1. Since L171 meets every condition but one in (1) of a type in the set (A, V, I, L, M, F, W, C); (2) modelled with pLDDT of 90 or more; (3) closer than 25 Å to F25 by Cβ, which condition does it not meet?
2. Out of all the residues in segment 24-57, which are part of a loop (DSSP other than H, G, I, E, B) and at pLDDT 90 or above?
3. Look at segment 32-86 and say how many of its residues are open to solvent by 50 Å² or more (accessible area, probe 1.4 Å), among the hydroxyl-bearing types (S, T, Y) and closer than 18 Å to V98 by Cα.
4. With the requirement that a residue be out of contact with any helix residue (DSSP H, G or I) (no Cβ under 6 Å at 6 or more places or on another chain), surrounded by fewer than 14 Cβ atoms within 10 Å (Cβ to Cβ) and modelled with pLDDT of 90 or more, what does segment 1-23 give you?
5. If S212 passes every condition in (1) within 17 Å of the chain's Cα centre (by Cα); (2) at pLDDT 95 or above but one, which one does it miss?
6. Of all residues being at pLDDT below 90 and under 18 Å from the mean Cα position of the chain (by Cα) in segment 95-114, which is most open to solvent (accessible area, probe 1.4 Å)? Just the residue, please.
Amino acid sequence: MHLVPTQQEVIELLRRTGALREGHFECLNGLHTGKFLDVALALRCYQDQKTLSVALSRLLRGNPEIRALLSELSIVTVTTAGLPIAWSLCEALRAHQVYWAEKETRRSPMRFRQFLEQVPGEKVVLVDDVLRAGRLLAEARKLIESRGAEVLAIAVAVHQPTPQTLSFGSLPIYSLARLEATYYSDPAGCELCRQGLPLVRQEYVGTSIGVS
């Protein structure tokens, strides 16, 4: 595998680890799709986690602004699944620190732990395992920047855009693979439903560290 794996190599790793599956799935937002992705399943093995995190670190080092600020950089993740990537990314970049956002429930406001506050002018890279709609990343960016810090980029293992994906404007987004999938907004218009394929509903998993 190359220092930065190709799109196909990343997809093959996801399939091999069971993180990427094909079938008939209902997302948490109610959309139906033929592809299921849970990057956390690919992060169980140290070597796979290392492969993805080091590759992502190399993409970030390609940004001259980020490369010049590595010793001051904060790596901030917004979900539990993003933590393995955040820690490994910090190690590979030799960045300053890692911390994470928290939500009590999916609808609770995002917050950071007591006594954990951004320093004015702090430089941040937002990290997660996957970028879909991007709501948590957008919420974290707004919270961080409201406290005087600056988000320099977003880094994710996989970019899986949906019809509901938010725009981050000119903010750089780094990913190792882009996964295209067809989404259906309701069962009546779902081709997979018409084919009679068994439906698997995505399970909601949340903790005090982060909510997917």
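1. Every condition holds for L171 apart from (3).
2. Selection gives D38, R44, C45.
3. Total satisfying the criteria: 2.
4. Of everything in segment 1-23, those that are out of contact with any helix residue (DSSP H, G or I) (no Cβ under 6 Å at 6 or more places or on another chain), surrounded by fewer than 14 Cβ atoms within 10 Å (Cβ to Cβ) and modelled with pLDDT of 90 or more turn out to be T6, Q7, Q8, R15, R16, E22, G23.
5. (2)
6. R106
Per-residue answers, yes or no, for (1) open to solvent by less than 20 Å² (accessible area, probe 1.4 Å); (2) outside any loop (DSSP other than H, G, I, E, B); (3) touching a Gly at 6+ places or on another chain (Cβ under 6 Å); (4) closer than 21 Å to L37 by Cβ:
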| residue | (1), (2), (3), (4) |
| --- | --- |
| L136 | no, yes, no, yes |
| K142 | no, yes, no, no |
| E145 | no, yes, no, no |
| A153 | yes, yes, no, no |
| V156 | yes, yes, no, yes |
| L166 | no, no, yes, yes |
| G169 | no, no, no, no |
| S175 | no, yes, no, yes |
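Yes/no per residue for (1) in contact (Cβ under 8 Å) with a residue 60 or more places away in the chain; (2) in contact with a Phe, Trp or Tyr (Cβ under 6 Å, 6 or more places away or on another chain); (3) over 16 Å from E122 (Cβ atoms):
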position	(1), (2), (3)
S71	no, no, no
I75	no, no, no
A92	no, no, yes
Y99	no, no, no
E104	yes, no, yes
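The values are calculated or read from the model by the stated rules, or taken from the named source; none is laboratory data. Fair warning: this is a prediction, and the values are worked out from it, not measured in the lab. Cβ: placed from backbone, ideal geometry, glycine included. Neighbour counts: every protein chain shown. Accessible surface areas use protein heavy atoms only, side chains included; no ligands, DNA or RNA. Shrake-Rupley method; radii C 1.70, N 1.55, O 1.52, S 1.80 Å.
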